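The values are calculated or read from the model by the stated rules, or taken from the named source; none is laboratory data. Note that the structure is a prediction, hence the values are computed from the model and not measured. Every residue, glycine as well, gets a Cβ built from its backbone with ideal geometry; the counts of neighbours run over all protein chains shown.
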Amino acid sequence: MRGWVKPHRIMLLLVALGLVLWAALSLRWDWIPRYWQLGVEGIWRTLWLMALSVLIGFTLAVPLGLAQAAGPRLLAAPARWFCTIIRGTPLLLQIWLIYFGLGSLFPQYPWIRASELWPYLRQAWPYALMALSLSYAGYEGEVMRGAFKSVPHGQLEAARAYGLSRWAVLRRIWLPQALARALPTLGGETILQLKATPLVATITVIEIYAVAGRVRQDTFIIYEPLLLLAVIYMAIAGIITLGFRWLERRYTPGLG
Amino acid sequence: MLDWIYQWWPGLEASVTLLSLEPPGWGGNLVRGAVNSLIIALGAFFLGCVIGIGGALGKLSGGPVTRDLMAVYTTVVRAVPELVLILILYYAGTDLLNQALRALGYRPVEISGLAAGIGVLGVVQGAYATEVLRGAIQAVPTGQIEAARAYGMTRFQTFRRVTFPAMLPLALPGLSNLWLIATKDTALLAIVGFSELTLETRQAAGSTRAYFTFFLAAGALYLIMTLVSGRVFGWIETRFRRGQAGARS
C-alpha cells in the first residue's frame, strides 16, 4: 500500500473524485428510488445466473477436459468438436438457437406439455441458464484439457505404483493439481461469464442489464443508468477477482 | 441422387429452399450479413491493434500519469460487459460528435452503424490488445533493444526494426485469439440494430418460423470463419517464427 501512494496518484484520485462529485450533483439520479427494488432483484438474478452456470458448466468441463486429455478417441473427438463449436460461434447466437429453437420445438410434443417440467420450460430462464452453462463448459473444457495435460505424468505413475485405483488417482492427485493450475485462467473466464450474462436480457430474462434498459425506455434518461450499470459490473468483477486471488493463495502453494 | 436424400430426409428440401440465395430463400441475406460482420471484425481488429500498440508503449515507456490512465482504461474495459460499453460508447460517441459539430457550426450527422460498430468494438479490442502486446514487448530480450540503441538507431527505428519484428511472433497467439473474439463480438451489434449476420439470421428465422434451420446455418458460417482464420493464423505464425532461435513449428 505504501508504494502505491505517489504524488501523481493523489492528483489522479482528486480528479476522479471531482468527476464522481460532478456526476452525483449535475446528473439526474431521481429515478433511483423508484427502480431500487427492481434493481436489487436484477442484481440477484445476474448473480445466481452466473454462479449456477459456472457451477453446471464446470461440472461438464471436467469430463470434457479429461476426455480430450486422456480419453479414447471415441470420447475425445466429440468432446473436441463440442468445444470447437461452442468457442467458434457467438454466444448470442447460441442463446437464440436454444431459446427460439427449442422453445418452438417443445410445445409440439404433448408429453412435454403434460410433464412436471412444463411450467419451467414456459419461462425464459431455463433456456438462458442452459445456454450460459453450455458455453462455459465449452470454454472451460479446453482450459481443463491443458490443465490435465500439464500435471507431470510421473506423479500419476507414482500414485498407481502406490496401489491407488484409477478413480483415487483422479480424485486425489490429478484433479486437485489440474484445478490449482487452472485457477488463474478460471478466474478470468468467470469474469467473462459475468460479462456474458447481459445477453440473456434479449430473451426476456430481467437481470440487471434489462432493468437499466427499462429505466432508459421509461424515463428517456440514457447515461445515468448505463454508468451505474458499469459501476455495478465493475464491483462484481472486483469481488470475483478478490475471491479467486484468495483461492489461489490457498490452493496453489502446494504446486511443484 | 438428391431426390433420394430428400425422400430419406423430408425436412431437408424445405431447408434448402429457405436457404437458397435467390429471393424466395434467405441465403442472400445471411451472406450479406456475414460480409458485414467480416468487415466490422476486420476494421475493429485493426483499430484495436493500433490502439493496442499505443497503449502498450504508453504502459511500458510512458510517464506515471499515462501509465495509470492506461491501467484504468484496460481495467474498466475488461470488467464491464461489451454490451454495456457498446451502448455507452454508441450513445456518448454520437452525442459528443454532434455537440462538437454544432459548436463548430455544422449540422448534426447520423453516424452510420458500420462506423460506430468499428469504433466501439475497436476501443474494446484495444484494451485486450494493449495487454497482449505489452506482454510480447516485455518478452523481447533487453539486450537486443540496447544493442539497437548502441548502433545509434532512434527510438522509432529501434521499434520498427527490432522490437516490433521480435515481439510479433510472441504476440501472434494472443492476437489470433483477439481476432476470434472480434468476429464473435460483431454479433453484439445486432442489439443496437446493425444488420450483421446474427440479426439477419434472427429476422429470417422470425419471419419463416424455421429457427433451427437459420440459426444452425449461421452457426456454420461463423464456424467456417473461425476455422479458416485459425488456419491462416497458424500459417502466419510458422512464417514469422522462422527466424527465432529454438523455435519449432
When the range A:209-221 is checked residue by residue, the ones that are at the interface with another protein chain (Cβ under 10 Å from one of its Cβ atoms) and of a type outside the set (D, E, K, R) are A:TYR209, A:ALA212, A:GLY213
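So that you can scan it fast, the table gives a plain yes or no per residue for (1) closer than 29 Å to B:LEU96 by Cα; (2) in contact with a strand residue (DSSP E or B) (Cβ under 9 Å, 6 or more places away or on another chain); (3) of a type in the set (A, V, I, L, M, F, W, C):
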| position | (1), (2), (3) |
| --- | --- |
| A:GLY188 | no, no, no |
| A:LYS195 | yes, no, no |
| A:ILE208 | yes, no, yes |
| A:GLY213 | yes, no, no |
| A:PHE220 | yes, no, yes |
| A:LEU228 | yes, no, yes |
| A:ALA237 | yes, no, yes |
| A:LEU247 | no, no, yes |
| A:ARG250 | no, no, no |
Among residues of the range A:234-256, those that are within 17 Å of A:VAL20 (Cβ to Cβ) and in contact with a helix residue (DSSP H, G or I) (Cβ under 8 Å, 6 or more places away or on another chain), counted = 2
Residue count, the range A:222-256 (criterion: surrounded by 16 or more Cβ atoms within 10 Å (Cβ to Cβ) and either among the basic types (Lys, Arg) or more than 9 Å from chain B (Cβ to nearest Cβ) (or both)) = 7
Would you list the helices (runs of 4 or more DSSP H) that sit entirely within the range A:39-114 and hold 1 or more residues that are over 21 Å from the mean Cα position of the chain (by Cα)?
-> A:73-88, A:110-114
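Any chance you could count how many residues in the range A:191-200 are within 8 Å of chain B (Cβ to nearest Cβ) and of a type outside the set (Lys, Arg)?
Looking only at the range A:191-200, we keep the residues that are within 8 Å of chain B (Cβ to nearest Cβ), and these are A:191, A:194-199.
Pick out the ones that are also of a type outside the set (Lys, Arg) and you get A:191, A:194, A:196-199.
Final tally of qualifying residues: 6.
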Only one residue in A:LEU117, A:LEU129, A:LEU186, A:LEU164 is at pLDDT below 90 and more than 14 Å from chain B (Cβ to nearest Cβ). Which one?
-> A:LEU117
Take B:ALA166 and decide whether it is touching a helix residue (DSSP H, G or I) at 6+ places or on another chain (Cβ under 9 Å) and closer than 22 Å to A:GLY88 by Cα.
-> no
Restricting attention to the range B:225-243, which residues are among the β-branched types (Val, Ile, Thr), within 16 Å of the chain's Cα centre (by Cα) and more than 7 Å from chain A (Cβ to nearest Cβ)?
-> B:VAL228, B:VAL232
When you go through (1) within 27 Å of A:SER150 (Cα to Cα); (2) within 14 Å of chain B (Cβ to nearest Cβ) one by one for A:LEU49, which number turns out not to apply?
-> (1)
Would you call B:ALA220 more than 8 Å from chain A (Cβ to nearest Cβ), touching a Leu at 6+ places or on another chain (Cβ under 6 Å) and among the hydrophobic types (A, V, I, L, M, F, W, C)?
-> no
